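Below is one structure, written out as structure tokens, with a few remarks after it.
The values are calculated or read from the model by the stated rules, or taken from the named source; none is laboratory data. Here the structure is a predicted model, which means the values were calculated and not measured. For neighbour counting, all protein chains shown are included, and Cβ atoms are generated from backbone atoms with ideal geometry for every residue, glycine included. Ligands, DNA and RNA are stripped out before the accessible areas are found, and what is left, the full protein with its side chains, is counted by its heavy atoms. Shrake-Rupley method; radii C 1.70, N 1.55, O 1.52, S 1.80 Å.
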Amino acid sequence: MKLKNFILAATTALFTLQSQADEGMWLLQLMQQQHSIDLMKKQGLKLEASDIYNPNGVSLKDAVGIFGGGCTGEIISPDGLVLTNHHCGYSAIQRHSSVEHDYLTDGFWAMRQEDELPNERLSFSFVHSIIDVTDIVNADIKSGKISEVESMTRPYLNKLSQEQMAKSELNGKPGIRAQVYPFYAGNSFYLIIYKVYSDVRMVAAPPSSIGKFGGETDNWMWPRHTCDFSVFRIYADANGEPAPYSPNNVPLKTPKYLPVSLKGLNENDYAMVLGFPGSTSRYLTASEVRERMQTTNQAEIDVRGVRLEVLREKMAASDKTRIQYANKFAGSSNYWKNSIGMNEAIIDNKVLEAKAEQERQFNIFAQGKPEYEGVVAKINAAVEKAIPVERQMDYLVEYRSAIEFRTPIDLMDQMKEALQKKDKAKVEELKGQLNSAFEQIHNKDYDHEVDRAVAKALMPAMSEFLSLSELPDYYQTVTDFDAYVDNIYDNSILANRTNLDKFLKKPTVKAIDRDPSLASMRSFTDCYTKAVEKYMEVEDLTLLHKAYIRGLNEMKDTPAYSDANFTMRLTYGNVKSYEPRDAVHYKYYTTADGVLEKEDPTNPEFVVPAKLKELIQKRDFGRYAMADGTLPACFLTTNDITGGNSGSPVMDAEGNLIGIAFDGNWESLSGDINFDNDLQRCIAVDIRYVLFVIDKLGNCQRLINEMKIIQ
Ligand code: ARG
């Protein structure tokens, strides 16, 4: 049965079911067909499907977009004001920071529009339209133009995107970008057209002691007291079209923006989230879950663990280093901790058992159906072969990205050739490129000595994680890693300005051949290439997955959602408390009083700024207080979110903004693999806490005045 058919068939059984559907990252374009809109209304939604997604008019989806490269943001004023998480704006805040202007520590408030700061490499992407291209892909497979496996590969999907756009009137218009994505493991395909604005300015950010309160200790945890927000604004040219930064650009007029509700929330209230979940793997076999634990997750845990320890020490010792490495540290630590939590939760929540049961049922269902029979066994066999080489690759990838200093092999090879051929013009050109490579490595946020320390810790550690035959060949000969690393960090051409200038003055083949960093890079690349070649021999799982997922969905009597792939999704559910362990009940919200309970002036993660402390103690919360006089901080919902959703709006039944999603809870970190209705919670910061901070701490009433506030 084709996917479309089983979605329809599945819906007939639907209304006999309880409307308990918190699991699911639903595609807006299928809301009617899959009847998710009916379930949402049953749970309390007061809007129509066309209020949320309307291909022919303005709807809620137009108030939400991709912030930067991996987060969600929402429009909260008619003048393009964007709300997202503090941790999503973090790299922008960090890049504007120095020891003199430490916006990480002090926060940033643009008191006037002229003070809003432009950001290189920051964009905001609206979903312009969504077009079903499944029939086109299937026709290409049928006519033999491509194989079924190729239909899932980048080159084909990119080419198809271009072909489709060539026919579109939007083609070539400013900021228009289009991409075809596979859904349901390649059982359907959509072309998504984005309108990308590239002049996005920083408007406000609280100090990290508020926006990142609790730091790494509280990350992925509840109860939470982090006011995880930052504010940006989209600028456009005079016609409202996307344009690169220009002082002449003006705030984008946004036809759809979210009203902000200060009405407050209660347990079981309807809540929904629109955003861009990055990746989930909800349809794995038990063998693949084990594979994930032993490869990707374990590699992140082990390798990042070594690097983070070094960075922690160096950052504590110097303000300059702290600012330089703040964003790198947070990024690396986030999924290091996630991997630890996921591996634990998979065991605690009996995910392997749940997957084994699913396979048992699938195997019964598959009997006598040639397209499904034996699929699980084949996946298991392929996985068993893949695990060792995948493990090796994952460790090598983590290793490579943990150490920043690197010499570009390509450039050096070209230089060598140009020198041998005595091609003077080429040598001159390459000198320029080497100079840029040097600038790129030794950038504002790089410290050669910190990187050297990471290398010294990590190189010997790698031989505990991988066997000699799985490591670059220098592991066969090096006995003193300190000396090996020092040689690279002192004597290679790109190690410092003096070395580079010396080389550029008189470039020689001999100097290139003697470069210790280049030799090390080559050895690594050889090792990694061999691993990739080995991996290519493992059976391709694409088609087995496609069949397994199609079968699983046919088997169920409820509509299916596709794994997250950083396309726009809607999840609906309720505000809800939870009970992670015997006798432990977690209330669905926290208050600012908890900030003071957690305060620890000796621990930088739990410092409370004096002004905030004073406001809390004086109960000076203005209109943001709850009826009992306390100030709400964060709250929990049953919404199904993951990384990429960060910054997503949490909305009430009328589509008003009540919070910003920013995290998940520890007990459900197996959620990307298996959603647990009892345990999985989305953690959001209450919009009243956000507005309180903007208003009373930032004194940025001009921003509050732009919003539509519902009391
Ligand atoms: N865990 C959250 C997420 O992935 C927040 C991460 C940033 N915070 C941090 N302390 N590193 O969205």
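Annotations
- Think of a 1.4 Å ball rolled over the protein heavy atoms: region 661-703 then has 20 Å² of accessible area per residue.
- Taken along its three principal axes, the alpha carbon spread of region 330-487 comes to 71, 35, 34 Å, from the longest extent down to the shortest.
- The convex hull of the Cα atoms of region 403-502, projected and averaged over all directions, covers 7.5 nm².
- Short to long, the 5 Å bins of the Cα pair-distance histogram for region 107-238 hold 2, 9, 14, 13, 11, 10, 11, 11, 10, 6, 3, 1, 0 percent of all pairs.
- Alpha-carbon Debye profile of region 596-636, log10 I(q)/I(0) at 0.20, 0.33, 0.34 Å⁻¹: -0.70, -1.13, -1.14
- Electrostatic bookkeeping for Lys696 treats Lys and Arg as +1 and Asp and Glu as -1; over the other residues with beta carbon under 9 Å from its beta carbon, the sum is -1.
- With q set to 0.21, 0.25 Å⁻¹, the log10 of I(q)/I(0) for region 176-251, from the Debye formula over equal scatterers at the Cα positions, is -0.84, -1.00.
- The share of Cα pairs per 5 Å bin across region 221-308, counted from zero up to the longest distance, runs 2, 8, 8, 11, 12, 12, 11, 12, 14, 7, 2, 0 percent.
- Centroid-to-centroid separation of region 168-242 and region 406-484 [C-alpha atoms, Å]: 34 Å
- Taking all protein chains into account, the per residue accessible area for region 315-467 stands at 47 Å² (1.4 Å probe).
- Cα-based reach from Lys506 at 12 Å (exclusive), listing aspartates and glutamates while leaving out same-chain residues under 8 positions away: Glu428
- Tensor-based shape of region 165-304 (alpha-carbon gyration tensor, a/c under 1.5 rounded, otherwise prolate or oblate): oblate
- Overall size of region 500-591 from C-alpha positions, given as principal axis extents largest first: 69, 47, 31 Å.
- Sequence-distant lysines (8 or more away, or on other chains) whose Cα lies within less than 20 Å of Lys263: Lys46, Lys576, Lys587, Lys696, Lys708
- Extension gain from Val99 to Ser318, taking 0.36 nm per residue of separation minus the Cα-Cα distance: 77.8 nm
- Short to long, the 5 Å bins of the Cα pair-distance histogram for region 360-429 hold 3, 12, 11, 9, 8, 8, 9, 8, 7, 6, 7, 5, 4, 3, 0 percent of all pairs.
- Relative contact order of the chain, pairs being alpha-carbon contacts under 8 Å that are 6 or more residues apart, as %: 24 percent
- Dipole axis of region 119-251 (+1 Lys, Arg; -1 Asp, Glu on Cβ), positive-most option in Tyr156, Trp220, Gly172: Gly172
- An ellipsoid equivalent to region 587-711, defined through the eigenvalues of its Cα gyration tensor, has semi-axes of 26, 20, 13 Å when rounded to whole angstrom and sorted largest first.
- Distance-filtered residues of region 504-525 - backbone nitrogen under 19 Å, label point 7 angstrom along Thr477 Cα→Cβ: 510-525
- Note on the chain: Rg/Rh from Cα positions, Kirkwood definition for Rh, rounded to two decimals, is 0.97.
- Pairs from the table (Lys256/Lys611; Lys212/Lys444; Lys173/Lys212; Lys212/Lys355) lying more than 29 angstrom apart at Cα are Lys256/Lys611; Lys173/Lys212; Lys212/Lys355.
- The alpha carbons of region 252-299 give a radius of gyration and a Dmax of 19.6, 51 Å, in that order.
- Extension gain (nm, one decimal) between Lys505 and Lys444, 0.36 nm per residue minus Cα-Cα: 19.4 nm
- Highest to lowest packing among 387-396, 473-482, scored as the average C-beta count within 10 Å: 387-396, 473-482
- Within the chain, helix-based [θ] at 222 nm, where runs of 4 or more DSSP H residues each add -39,500 (n - 2.57), nearest 500: -13000 deg cm²/dmol
- Here region 493-518 is scanned for amide nitrogen atoms under 18 Å from the site 7 Å beyond the Cα of Glu417 along Cα-to-Cβ, giving 508-510, 512-513.
- Portion, in percent, of the accessible area of the chain that falls on carbon or sulfur, probe 1.4 Å: 51 percent
- At R0 = 35 Å, FRET efficiency that the Cβ-Cβ distance of Lys263 and Arg400 yields, to 0.05: 0.10
- With pairing defined as another cysteine C-beta under 4.7 Å, the cysteines of the chain that fail it are Cys227, Cys527, Cys634, Cys682, Cys700.
- Overall shape: oblate for region 259-396, with the ratio a/c of the largest to smallest alpha carbon gyration tensor axis at 1.5 or above and b/c at least equal to a/b.
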